[in-house]
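Here's the structure we're looking at; comments come further down.
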Amino acid sequence: MSRAGRERFDAAFNKAVAGTGVAPRGAQEKTRAALGRLTKTAARKLITALVGR
């Protein structure tokens, strides 16, 4: 399992939450807090983007 860098994660996160009503990740927001705000659909989109499928 590989790890995604902050820039890659933020880009995928912002793309996944676009149009969902979930705000993009804040500058000082921890990854765990940002993930906790995701809807199930946005979480699936984020996982797919990070895996690269």
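The values are calculated or read from the model by the stated rules, or taken from the named source; none is laboratory data. Predicted model only: the values in this text are computed from it and were never measured. Please note: Cβ atoms are built from the backbone with ideal geometry, for glycine as well, and neighbour counts cover all protein chains shown. The accessibility values were calculated without ligands, DNA or RNA, using every heavy atom of the protein model including side chains. Shrake-Rupley method; radii C 1.70, N 1.55, O 1.52, S 1.80 Å.
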(message) Quick test of your reading of the structure: Gln28 fulfils all but one of (1) open to solvent by less than 70 Å² (accessible area, probe 1.4 Å); (2) assigned to a loop (DSSP other than H, G, I, E, B); (3) not basic (Lys, Arg). Name the failing condition by number.
(response) (1)
(request) Please work out which one of (1) among the charged types (D, E, K, R); (2) more than 8 Å from the chain's Cα centre (by Cα); (3) open to solvent by less than 80 Å² (accessible area, probe 1.4 Å) is the condition Arg37 fails and give its number. (result) (3)
(request) Would you please name the residue that is nearest to Phe13 (Cα to Cα), looking only at residues in segment 40-50 that are without any contact (Cβ under 8 Å) to a residue 40 or more places away in the chain and open to solvent by less than 90 Å² (accessible area, probe 1.4 Å)? (result) Leu46
(message) Can you report the number of residues in segment 1-18 which are modelled with pLDDT of 90 or more, farther than 15 Å from Gly52 by Cβ and either basic (Lys, Arg) or part of a loop (DSSP other than H, G, I, E, B) (or both)?
(response) 1
